[in-house]
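The numbers here are math on the coordinates, done by the rules we state, and not lab data. Keep in mind that this is a model prediction, so the values were computed, not measured. Cβ: placed from backbone, ideal geometry, glycine included. Neighbour counts: every protein chain shown.
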Amino acid sequence: MISNSRYWVLVLLVVLVYVTGMFVTLFENDSAQFAVMSMRMVQENDFLNLFKGTEEYLDKPHMHYWLAAFSYVIFGLEDWAYRIPGILAVLLAAYSSYGLGKLLYDRRVGKIAALIFMTAQTIVLSAIDVRTDAVLTGFVALAIWQLAIYVNTGSIKAIVLGAMATGLAFSTKGQLAILIIGLALLSHITYRRKWLVLVNWKVIIALAAFAIAIAPMLYAYYHQFDMHPEKIIRGKGERSGIFFIFWEQSFERMSGGGMGSNSSDYLFFFHTFLWVFLPWTVLGLLAYGTKMKAIFKSRFNYVHGQEFLTLGCITFFFLIASFSQFKLPHYLNSIIPLFSVLTASYILTLVQDKKARILLGIQYFVLSIIFITTVLLCFLVFEFSNIFALILLLTFITVIIYFCLKNEMYPKKIITISAFGALLLNATLNLHFYPNLLTYQAGSSMANVVQEREIPVDKIYKLGDYHTWSLDFYNQRPVQITSLDRVKNKKDIWIFANDTELRQLKELDMDWDIQYTRNQFRITRLSLKFLNPSKRNKVLSKMHLVHIH
């Protein structure tokens, strides 16, 4: 086990990496979209109705948007204010990982589990590209931890807290929360043979606590949809928000109905896991295999020091989620606390032997990949222009080399260099790569022009119904939609247009006296051509802001 001083230095550095990401421009689509949806709640003083652009939003519940709106009320309409609830939820999940690891194993496992969770790549990414899954993960981890305490001890406080956390998780993303928490709880109860905890008077109190937690979300859905059966949502009338969240939501995603299908690859989550859990991926897979082997060897009989909560939930979640027709990488975020506990327990069983030496060699290889990636990002993809970032990079590399050369126990070295590898990569991303990358996001780049040139935001229009989330947010006003026919009769306005729309304006003999042009690329869908500076221009498009006088 690493020393307390080293542990807390690593935790502090991870938090600092999170903080550096707070001030980076919002990513399109989801982060900027959700930020705008929450912004509209505050601006319109309407916290019951959710809108995505001009459309009523019936997809995810309200909790994430309420938390972001509450942050806006306190701190103002800032991108960093939008990220605060997500980062706090990540820290809550880290603390819950500690608690769960301590409950299932011991305090050492809990501490390392929290560190592994905080440095897993998808979690660090979720602290900057904040979506509903950051908040969901915090509440899910808290619920699993507290409900596991109830199973072990019968604590009424734990079951009430667990039920409240489950309700808040359900109010964040619906049935996915119930699925993950339910799988974890049932796996734990089955392995511990504690079925009587389900037929206890305390369960009634827990159900009441759950109902109280979800009541605001249900009322908001009832107000927006159930009271208005005439509304047509995704081609269907008489939509009940309450029925949707309790029944339709996950089935639509599983079948591809409503949201559509984006992947029929049954191995999607398996190969996605290879990068979302970096730099701990190999250790996580070995931990899973080793622990599952031990469970089968004991024929699923309870053995002190073993648990099935993490294994069962991970296994069944992968099996169920793999059959969904709508898959995204961040769906795995909520089971990362479980993988972290599992991996921490495995690392701390390693001894100074050949197996541990091989694992250390594997982590050296992972670290070398991170180092090569960092060098390419800093000196090829986007060349360094910030001397502070360069000094920080060299400091990180020096510290990593020191710990690689330092003579100490293999498990301690594995934990240290893996955590520092994650810090090196994500400090580079937050301080160097993302700020340069986001200069190719035309909406936010054009918002800077609007601010610098003091262009009236109420006079900016777009010709299509495509979304302009980052421009909407940084203008603090959704861009108004118009058409070519209506533009003919307007004067002294600004049009935000792509190349095709600009040609259409020319064909109509529209005249403009000012034009600003910015590069545009879908920055969340990187390609090798874009990352190669010599080929980047081939994949860029343009967005324009022109003044019709």
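Here are the numbers for this structure:
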quantity: Cβ-derived FRET efficiency at R0 25 Å, Trp80 paired with Ile387, nearest 0.05; calculated: 0.55
quantity: Lys/Arg +1, Asp/Glu -1 at C-beta; the chain dipole; positive extreme among Val381, Ala177, Tyr410; calculated: Tyr410
quantity: Cα lying deepest toward the dipole's positive end in the stretch 418-521, options Gln504, Asn519, Ala422, charges on Cβ; calculated: Ala422
quantity: Amide hydrogen neighbours beyond the local backbone of Ile481, cut-off 5 Å, H modeled; calculated: Lys462
quantity: In sequence order, calculated HN-Hα J values of the stretch 65-78 (Karplus, 6.51, -1.76, 1.60; Hz; x Gly/Pro); calculated: 6, 5, 5, 5, 5, 4, 5, 4, 4, 7, 9, x, 7, 10
quantity: Per-residue Cβ neighbour rank within 10 angstrom, fewest leading, Ile369, Ile493; calculated: Ile369, Ile493
quantity: Stretch gain in nm, segment Met292-Ile358, where the contour uses 0.36 nm per residue and the Cα spacing is subtracted; calculated: 21.7 nm
quantity: Mean Cβ count within 10 Å, highest first, over the residues of peptides 182-193, 159-170, 475-486; calculated: 159-170, 182-193, 475-486
quantity: Calculated diffusion of the stretch 354-439, Stokes-Einstein form, Kirkwood radius summed over Cα pairs, 25 °C and 0.890 mPa s, µm²/s; calculated: 181
quantity: Per-q log10 I(q)/I(0), the stretch 443-548, q = 0.13, 0.14 Å⁻¹ (Debye; single scatterer per alpha-carbon; no solvent); calculated: -0.49, -0.57
quantity: Label-to-label distance, nm, for residues given as Asp46 and Lys506 (7 Å Cα→Cβ offset); calculated: 4.0
quantity: Cα-derived Rg to Rh of the chain, Kirkwood definition; calculated: 0.99
quantity: Lys pairs under 15 Å by Cα in the stretch 390-549, provided they are eight or more residues apart or on distinct chains; calculated: 9
quantity: Estimated FRET transfer efficiency (Gln451, Leu319; beta-carbon r; R0 45 Å; 0.05); calculated: 0.35
quantity: Residue (of Val151, Ala294, Phe308) at the positive-pole extreme of the chain, dipole from beta-carbon charges; calculated: Ala294
quantity: Sum of -39500 (n - 2.57) over DSSP H runs of 4+, divided by residues of the chain (222 nm, nearest 500); calculated: -19000 deg cm²/dmol
quantity: Fewest-first ranking of Lys327, Lys355, Lys412, using other Cβ atoms within 10 Å as the exposure measure; calculated: Lys355, Lys412, Lys327
quantity: Sequence of Cys404, Cys378, Cys313 once ranked by neighbouring C-beta atoms within 10 Å, starting from the fewest; calculated: Cys404, Cys378, Cys313
quantity: All lysines inside 20 Å of Lys202 as judged from Cα atoms, apart from same-chain residues fewer than 8 positions distant; calculated: Lys157, Lys194
quantity: Rounded to 5, percent antiparallel among DSSP beta bridges of the chain; calculated: 75
quantity: Principal axis box of the stretch 28-88, alpha-carbon based, largest edge first, Å; calculated: 27, 24, 17
quantity: All aspartates and glutamates inside 16 Å of Lys102 as judged from Cα atoms, apart from same-chain residues fewer than 8 positions distant; calculated: Glu307
quantity: Nearest-20 debye value, the chain charge dipole, Cβ charges on Lys, Arg, Asp, Glu; calculated: 2260
